[in-house]
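Every number here is computed from the coordinates shown, using simple stated rules; none is lab data. Just so it is clear, the structure is predicted and the values come from calculations on it, not from any experiment. When we count neighbours, we look across all protein chains shown, and the Cβ atoms used for this are built from the backbone with ideal geometry, even at glycine.
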Amino acid sequence: MRENLLAAKDIAAKAENARRDFTGEERDAVEHFMAEAKRIQPLLAEVKAEEQKANDRKVSSWIKEFADATGGPADTGGATPENPRLKSLGGSTWGTEITRQNSDHFGRFKSLTPSGTVMVSVPLATQPVRESEPVLALRQLIPTEKDTVGVWAYMRQTLRENKAKVVPRGAKKPTSRYTMERREGRSATIAHLTEPVARQDLADAPMLAAFVDTELRLGLEEALENEIVNGDGAGDRPTGLNFTSGTQSQAWATDLLTTTRQAVTKLEVLSLNGSGWLLHPVDWQNIELAANANGYLLTQAGQALPVDRAARRLWSAPVVLSTSVTAGTGWLADFAGSTVLKAREDASITWSENTYEKDLFGEGEDGNLFEANMIRFRCEGRFGFAVTRPAGVVKLDLTA
């Protein structure tokens, strides 16, 4: 390309020195040289890009060799995979972030600072639930909104009478009744601590951060789920499903499948869709092991049945399992249209060595964690929950 550009430049200089225009032959030659230069330019760019990639690979290889020789990146816990229930919720893990913030530029874990905080992002927009995937956490079914004040008001529907009909010209139009009541909600702080952890253990076994990550986040998630179900509205606690007035009830009817199918009908007659079930694991086991009139398990392969074991579906709606639900009872709800979850503060992990511990060094020997080179972790977040349409929630009696 350089030779073509120089040849075209020489022809232009010759014509300029002679104070004349290009001859026909010179013009053709210049156009030829420029066309060749344009054709070659993309090829040169590709060659340069390949050369840059080769150089990058050499540098990466050198860094790896150097890191291996001096101590490689910290193992952040590959042997301790993230809990599937937490993974289904998305967001970020602060165990990995803690390790990153306290590692050197080669990725080697050094040690925790005396204190600090790492935020955990909370998914605020619920994603569509895929038909082929089981729902592992109740929060996947509930729309989440950002709470900016801590105390908020919402409208709860208590009556729905639809009177719409064909009206003759000039006749009086009917009035539908949609009664709403104003309610107040607040975001509650959900938190817990770890026992003191030795700094030496964190330095020697970085996978411990992943373990603490999983346990604290799972504990927070289970506590939030329990409030959604059993919150009694006292103090800062939300009013959960069990304590919400105006919800529907489904009594035991013949067997488990009949009972659950009649609960579906209770929502369908209100033109509502059951977006999910909330069941105790024992009740889900009983449903899966139920037999039809011929004695075949309802989950037998190849049969068109209301139970889908692989996708964990019952009557085409996803099933969430939770020990927050009392065995022998269950819930079917239009979670997407009748409930809402408020997130005031994203969950965060905070750690400190400046805490006073009773009997730290033995009975009667109190002390500061700094003296023992130990730290505590705290995980907390602020969340609220509300049922906006009680009629969209059905409580089932699953006991014969």
Quiz item: Under the Karplus relation 6.51 cos²θ - 1.76 cosθ + 1.60, θ = phi - 60°, what is the ordered set of whole-Hz ³J(HN,Hα) values for region 348-361, x standing for Gly and Pro?
Solution: 9, 10, 10, 9, 7, 9, 9, 10, 8, 10, 6, 6, 4, 9
Quiz item: Highest mean first, what order results for 264-275, 387-398 on Cβ atoms within 10 Å?
Solution: 387-398, 264-275
Quiz prompt | Hits among aspartates and glutamates - C-alpha to C-alpha of Lys14 under 14 Å, sequence gap 8 or more where chains match | solution = Glu25, Glu26
Exercise. May I ask you to order 16-22, 352-358, 363-369 by the average number of other C-beta atoms within 10 Å around their residues, highest value first?
Key: 352-358, 363-369, 16-22
Practice problem: May I ask you to compute the full-extension gain from Leu305 to Leu193, defined as 0.36 nm times their residue separation minus their alpha-carbon distance, rounded to one decimal in nm? | Solution: 35.8 nm
Quiz item: Tally Lys and Arg at +1 and Asp and Glu at -1 over the other residues with C-beta under 12 Å from the C-beta of Glu268: what net charge comes out?
Solution: +1
Quiz item: What FRET efficiency, computed as 1/(1 + (r/R0)^6) with R0 = 22 Å and r the Cβ-Cβ distance, is obtained for Ser316 and Thr265, rounded to the nearest 0.05?
Solution: 0.95
